[in-house]
Amino acid sequence: MPHEDGPSYFPAVGTISLGSYTVVDYYRYLPLDEEEGEIVGTDAGVGTGSSQRGRAIDPVPILSVLLEPRSLVITTKELYTNFLHGIEERTQDKFYPHERSSQLDPTEGTKIANYQMLRNDDIRKCVAQGGTLERQTRISLTCRDYENVGRAGRALNTIMLPGASR
């Protein structure tokens, strides 16, 4: 489900992907004048700004990135503050051929923005030519610079272990 990580983690979030590949999709909020139609989804999270909470989300990703095993993606700046991200729950991914027109129908597959950067030749060829990949088990390690976690941990330690050295 598309979501924001919120202001507590700003200015960056790094995600290390282990195991299987996955596809991270980035979404935009619908402009206010387009929200009168059917609302496909809303951001239920904290959001980076309270003005965004509850706004309708465009169901078509603006950008899709394939994360290979042992890869790192860092989300920062406008992609962090102005867009949402998510990984669709599915067992396989169908890719849109890159040699075709940029006017794609999302039901035909996903167009991967970083396909030329993929290190695995088989995955790169499959993505470029419009093939299908089966997802396997994936482990994700998310790295955030969250100053308040340290403070909260120290406070919890004080509560849990009275008299413990600090």
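Of the whole protein surface, Ser8 contributes about 60 Å² of accessible area at a 1.4 Å probe radius. Using heavy atoms of the protein chains and a probe of 1.4 Å, the accessible area assigned to Phe10 is about 100 Å². With the whole protein complex present, Arg55 retains an accessible surface near 40 Å², based on a 1.4 Å probe.
The values are calculated or read from the model by the stated rules, or taken from the named source; none is laboratory data. For clarity, every value in this text was computed on a predicted model and none was experimentally measured. Note: accessible area is taken over every heavy atom of the protein model, side chains too, but ligands, DNA and RNA are not part of it. Shrake-Rupley method; radii C 1.70, N 1.55, O 1.52, S 1.80 Å.
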